[in-house]
1. Can you give the translational diffusion coefficient of segment 69-118 in µm²/s, computed by Stokes-Einstein from the Kirkwood radius over Cα pairs at 20 °C and 1.002 mPa s?
2. Where in segment 181-200 is the amide nitrogen less than 19 Å from a point lying 7 Å along the Cα-to-Cβ axis of residue 310?
3. What is the extension gain from residue 212 to residue 86, computed as 0.36 nm multiplied by their sequence separation minus the C-alpha to C-alpha distance, in nm to one decimal?
4. Provide the per-residue ³J(HN,Hα) series for segment 219-226, in order, calculated from phi with Karplus coefficients 6.51, -1.76, 1.60 and θ = phi - 60°, each as a whole number of Hz, with x at glycine and proline positions.
5. Label-point separation (nm) for residue 256 and residue 227, each offset 7 Å from Cα along Cα-to-Cβ?
6. Grab the beta carbon distance between residue 25 and residue 53, set R0 = 30 Å, and tell me the FRET efficiency rounded to 0.05.
7. If you take the beta carbon distance between residue 242 and residue 291 as r and set R0 to 35 Å, what does 1/(1 + (r/R0)^6) give as a FRET efficiency, to the nearest 0.05?
8. For segment 156-303, compute Rg over Rh where Rg is the Cα radius of gyration and Rh is the Kirkwood radius from the inverse mean 1/r over Cα pairs.
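Coordinate-derived values only; no laboratory data. Since the model is a prediction, treat every value here as computed from it, not as a measurement. FYI the Cβ positions are ideal-geometry reconstructions off the backbone, even for glycines, and counts take in every protein chain you see.
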Amino acid sequence: MSTEIHLAFAHPSERAIATAGDDPRDRISLRDHIREVEIGAFQAERGTTQRICFNVVVEVIPFTGPLDDDVDRILSYDRVTEAIAFELQAERVNLLETLAERIAERILLEPQALRAFVRIEKLDRGPGALGVEIVRSRRDLGDRVESAAQERPHPRVVYLSNAAIADANLPGWLDTLQAAGAPLIFCVGAPDVAPVQPGQPHRMVQRRIDLLALEQNGWVLAARDDRCKVVATRTELDWAMKNGQVCVWAPSKIVLDSTDSPAVPPRDSVALAAWFAGHMTARELLVVGEAPPEDCSVPVRAVGLSDRMI
């Protein structure tokens, strides 16, 4: 009995360990995350905020390959805090139980997540903490996993020629594209300089050099407008799309790590942008100042420097 009482009030991480099966699992945790929230069913709780404390443990599938210090290979802590922030912003709720259910479900939609332990406590409703704790597993979601995948953001991918990057109208184009509302990701080609060549022909080395040339040009674009942030990982792209950040795609990491790596060479940068648009399930690929790609799995528009962007 004393052990059961201890576990009832212990941190969710101890509950996770005590209730684990034989299969090995890794865990990530968020401890004592405090937010000011308007929540509660009583009239006295309306129109005012109170401190809410979140403790969350997520059991994840152990990663068996080399991590390589790579954020895209793990379940990021940001996913947990984003789940909390998203549900707090979605609508006012009366019950901690409702909030805990929604947070757990959003976390479990992540592919690596297996079980979520969510404890939420009100800190200002009495001399102690008043709260709830729930445990939910991925199998509890059923068909909602597939439905959630369809709700992921569909960005507008915009390929800019070098002439477009240098054009004086670039800030105005960015204003127009941002006003259209879709998450915005820019792709670029190589700079207008002779490409670097390795000392002797080597296909893989040349591929990396060509990808880095695209990234260098991405930094040129970022220097033209402070709203543009160069981004290399899928994790950061997903975060940026949810938070309204304009991205410039740095392709090396995603191209080299992809299981469906593009067949086109990096020097065919418009075709590479078409592959990336498909990889991101973009709503469209907008090509500015270049001919459109021959093949693309998403809708494509090509516009000149004097044409309307939207």
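1. Here the translational diffusion coefficient equals 185 µm²/s.
2. Hits in segment 181-200 for residue 310 at 19 Å: 181-187.
3. Stretched fully, the residue 212-residue 86 segment lengthens by 41.8 nm.
4. Here the 3J(HN,Hα) series is 5, 4, 4, 4, 6, 6, 8, 5 Hz.
5. In this crude label model, residue 256 to residue 227 measures out at 3.2 nm.
6. Once the sixth-power term is evaluated, E becomes 0.75.
7. 0.60
8. 0.94
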